[in-house]
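Only one structure is covered here, and it is reproduced in the block below.
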Amino acid sequence: MGAQLRVYKRRIRAVTATKKITKAMEMIAASRIVKAQRKVAASMPYATELTRAVTAVATGSNTKHALTTEVEAPTRAAVLLITSDRGLAGGYSSNAIKQADRLIERLRGEGKEVDSYIVGRKGVAYYGFRERKIADSWTGFTDSPAYADAKRVAAPLIEAIQTETAEGGVDELHIVYTEFVSMMTQNAVDNRMLPLSLEAVEEESGTKGEILPLFDFEPSAEDVLDALLPRYVESRIYNALLQSAASEHAARRRAMKSATDNAGDLIKSLSRLANAARQAEITQEISEIVGGASAMADATAGSDK
């Protein structure tokens with residue numbers, strides 16, 4: 001019985017140590033969510049004004065450009081998937097991967113070839129384990145992305161959209177990331193970055209139904225679009241990285257809180273079992289003492305006779 005009690009006590013110590021770790025990770029994740037939310041809010045004014053500029057050029061000119069012109073029969077698309085570098089975040093990465101799989105299946109159903117670009121070690125590991133081809137990948141910054149990281153990710157995508165499909169380019173750019181809605185809700189979504197849908201751009205920039213002023217473009221509308229293309233893609237990717245980072249921290253906080261609560265429940269259960277084992281041990285010891293005393297009494301009484 002003593003061995004069983006030692007087992008329970010050893011498990012209680014192990015679970016208590018794990019609870020301290022998960023509690024610390026929960027608090028760290030909670031503090032990082034606030035910072036990530038602030039970065040998302042700080043990036044919005046630039047993204048909004050940039051989108052308004054794109055809207056002005058798109059509506060004020062008839063220039064055909066990769067930023068705004070639909071390809072009549074698109075045959076190739078690029079999909080950028082944003083996952084996490086670390087685990088212990090519940091279903092955060094798996095939800096984004098599933099959303100990307102659904103998007104890729106739909107694009108292939110439309111007769112398009114798909115090039116996959118991955119951000120985060122979890123996505124890279126998933127594709128590598130299944131031996132899926134990856135056009136390019138980036139890791140090491142998903143929990144705290146900087147604008148320089150967005151530029152690195154955007155560079156090959158911009159090059160791909162500006163290259164003819166016959167030479168390895170793509171007709172469309174799609175992005176899959178996790179949208180931060182609230183501390184409790186984060187949704188994996190997919191959006192088409194390029195070519196732009198004018199209605200979507202107007203709705204995003206708040207210019208839907210608004211009469212825009214007439215503009216003169218120097219040196220030309222096409223040159224302006226050439227200058228706006230990388231800035232627009234970079235800002236969209238940066239915003240997606242920031243929202244994904246906030247979602248990752250929120251998912252990790254929720255997962256660690258659940259782990260901490262479960263550890264507390266397990267400690268209570270093990271403590272009850274340990275107490276029961278201790279009581280059984282004490283009862284057995286008392287029974288042995290009483291039995292021994294009774295045997296001695298019987299032996300003494302027999303010798304007196």
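The values are calculated or read from the model by the stated rules, or taken from the named source; none is laboratory data. Model, not experiment: these values are computed from the prediction. When we count neighbours, we look across all protein chains shown, and the Cβ atoms used for this are built from the backbone with ideal geometry, even at glycine. All accessible areas refer to the heavy atoms of the entire protein, side chains included, with ligands and DNA or RNA removed. Shrake-Rupley method; radii C 1.70, N 1.55, O 1.52, S 1.80 Å.
Yes or no: segment 129-143 includes at least one residue that is within 11 Å of Leu80 (Cα to Cα), in contact with a strand residue (DSSP E or B) (Cβ under 8 Å, 6 or more places away or on another chain) and small (Gly, Ala, Ser). Yes, that holds for at least one residue.
Of everything in segment 156-181, what is free of Cβ contacts under 8 Å to residues at least 24 places away in the same chain and under 25 Å from the mean Cα position of the chain (by Cα)? Give them in sequence order. Within segment 156-181, just Val181 meets the criteria.
Filter segment 118-136 for residues that are open to solvent by 20 Å² or more (accessible area, probe 1.4 Å) and either outside any helix (DSSP H, G or I) or within 16 Å of Ile175 (Cα to Cα) (or both) and give the result.
Val124, Arg130, Glu131, Arg132, Lys133, Ile134, Ala135, Asp136
The set of residues in segment 43-69 that are among the hydroxyl-bearing types (Ser, Thr, Tyr), at pLDDT below 75 and outside any loop (DSSP other than H, G, I, E, B) comprises Thr55, Thr59. Of the residues screened, Ala263 is one that is more than 18 Å from Arg52 (Cα to Cα), modelled with pLDDT under 95 and crowded, with 17+ Cβ neighbours inside 10 Å. Considering every residue within segment 137-154, establish whether at least one is touching a residue at least 40 places away in the same chain (Cβ under 8 Å), part of a helix (DSSP H, G or I), of a type in the set (S, T, N, Q) and surrounded by fewer than 19 Cβ atoms within 10 Å (Cβ to Cβ). Within segment 137-154 (the criterion being touching a residue at least 40 places away in the same chain (Cβ under 8 Å), part of a helix (DSSP H, G or I), of a type in the set (S, T, N, Q) and surrounded by fewer than 19 Cβ atoms within 10 Å (Cβ to Cβ)), the answer is no, since none of the residues qualifies.
A count restricted to segment 159-180 and to residues that are touching a Pro at 6+ places or on another chain (Cβ under 6 Å) and part of a loop (DSSP other than H, G, I, E, B) stands at 1. Inside segment 2-47, residues that are in contact (Cβ under 8 Å) with a residue 60 or more places away in the chain, open to solvent by 60 Å² or more (accessible area, probe 1.4 Å) and of a type in the set (A, V, I, L, M, F, W, C) make up a count of 1. Within segment 193-201, is even one residue under 27 Å from Ala36 (Cβ atoms), among the aliphatic types (A, V, I, L, M), assigned to a helix (DSSP H, G or I) and at pLDDT below 80? Looking for residues that are under 27 Å from Ala36 (Cβ atoms), among the aliphatic types (A, V, I, L, M), assigned to a helix (DSSP H, G or I) and at pLDDT below 80, one finds at least one in segment 193-201, hence yes. Reported count of residues in segment 95-117, each being open to solvent by less than 50 Å² (accessible area, probe 1.4 Å) and either at pLDDT 95 or above or outside any loop (DSSP other than H, G, I, E, B) (or both), is 12. Quick check, is Gly91 surrounded by fewer than 17 Cβ atoms within 10 Å (Cβ to Cβ) and in contact with a helix residue (DSSP H, G or I) (Cβ under 8 Å, 6 or more places away or on another chain)? When the stated conditions are applied, Gly91 passes them.
Being among the hydroxyl-bearing types (Ser, Thr, Tyr) and surrounded by fewer than 20 Cβ atoms within 10 Å (Cβ to Cβ) is a property that Thr178 lacks.
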